[in-house]
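Notes for the one structure printed next.
The values are calculated or read from the model by the stated rules, or taken from the named source; none is laboratory data. The model shown is predicted, which means the values in this text are computed figures rather than measured ones. Here the Cβ positions follow ideal geometry from the backbone for every residue, glycine too, while neighbour counts run over all protein chains shown. SASA here: full protein model, heavy atoms, side chains in, ligands and nucleic acids out. Shrake-Rupley method; radii C 1.70, N 1.55, O 1.52, S 1.80 Å.
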Amino acid sequence: MSSGYDRVVGQAEDIADTVLRHSKAYLPHLARLCLVSTFIEDGIRMWFQWNEQSDYINITWQCGAFLATLFVIINLIGQLGACVTILFRKYVPISIGVLFGIIILQTVVYTVLWDLRFFLRNLALGGGLLLLFAEATGEVKTMFAGLPSTGINTTQNYIQLAGRLLVIFMFLTLFNFELSVLRLIELIIGSVLMVAVAVGYRTKLSALLLVIWLTVLNILLNDWWNVPTNRIMRDFLKYDFFQTLSVIGGLLFVVALGPGGVSWDEHKKKW
């Protein structure tokens with residue numbers, strides 16, 4: 001039984017390694033684009049819904065037109081500017097800090113903190129940004145490979161661990177606990193893959209399967225393009241679609257970077 005399982009999983013890992021070898025040149029670029037997509041969409045939405053957003057903030061917080069408009073400007077410029085620099089791989093750590101600030105600001109202003117579903121999704125988005133930061137620090141380490149180690153390797157390992165743990169929060173918001181065989185199978189498979197990514201067990205294969213699964217669910221559940229433009233549900237689905245796409249970008253970084261030093265895969269090498 002065990003040998004059969006190992007053989008099947010080994011074959012699956014061989015297929016995954018083949019795919020990764022042929023895509024390693026552009027996989028990090030795709031991961032970055034997916035990761036920042038929700039910030040790009042939100043920044044553009046701030047421009048086209050300028051009055052609606054500022055009025056909402058003003059009415060909700062009674063802060064006045066100036067502060068409400070300032071909030072919209074910060075979100076628009078902060079998100080689009082940071083995304084451009086990340087895509088061009090310039091000032092990446094600073095840009096990540098800006099996007100973290102935007103997440104915190106929106107969590108407070110939109111009172112996301114009290115909505116468990118949206119709060120978990122923001123945590124998952126933060127996990128994706130941590131994985132992007134791990135990639136950026138990895139590039140710095142490569143640039144100075146000839147110098148003595150300063151602990152950056154250990155720091156990167158723990159950043160990757162935190163990123164992996166946070167990214168899986170996205171899947172907790174997708175589970176539907178209906179009593180049906182199909183839902184039960186979905187719950188079991190999703191839970192197994194989530195735990196595998198969290199502990200770093202056969203990480204690249206598990207993360208790649210989660211990417212495929214989440215992509216399918218995102219297209220089926222968040223099909224905002226099929227909703228008329230005058231329906232408010234279109235904006236909600238669009239928001240969910242791009243947030244999920246960003247988490248897919250974080251998982252693609254797990255696929256590209258591997259689990260890091262704090263993982264079952266790495267620990268297994270020492271046996």
**Item:** Total residues in region 1-59, condition at pLDDT 90 or above and polar (S, T, N, Q)
**Value:** 7
**Item:** Residue pairs meeting the criteria (Cβ under 7 Å; at least 6 apart or on separate chains; first without any contact (Cβ under 8 Å) to a residue 40 or more places away in the chain, in region 207-221; second among the hydroxyl-bearing types (Ser, Thr, Tyr))
**Value:** Asn218/Thr244
**Message:** Looking at region 32-46, can you tell me whether even one residue there is under 20 Å from the mean Cα position of the chain (by Cα), more than 20 Å from Lys238 (Cβ to Cβ), surrounded by fewer than 19 Cβ atoms within 10 Å (Cβ to Cβ) and of a type outside the set (S, T, N, Q)?
**Reply:** no
**Prompt:** Could you say which residue among Thr69, Thr107 is open to solvent by less than 50 Å² (accessible area, probe 1.4 Å) and touching a Ser or Thr at 6+ places or on another chain (Cβ under 8 Å)?
**Reply:** Thr69
**Residue list for region 178-236, filter: part of a loop (DSSP other than H, G, I, E, B), at pLDDT 85 or above and open to solvent by 50 Å² or more (accessible area, probe 1.4 Å)** = Tyr201, Pro228, Thr229, Asn230, Arg231
**Message:** Residues that are of a type outside the set (D, E, K, R), open to solvent by 30 Å² or more (accessible area, probe 1.4 Å), out of contact with any Leu (no Cβ under 6 Å at 6 or more places or on another chain) and at pLDDT 85 or above: does region 135-146 have at least one?
**Reply:** no
**Asked** Any idea which residue in region 249-262 is farthest from Leu165 (Cα to Cα), counting only those that are open to solvent by 10 Å² or more (accessible area, probe 1.4 Å) and in a helix (DSSP H, G or I)?
**Response** Ala256
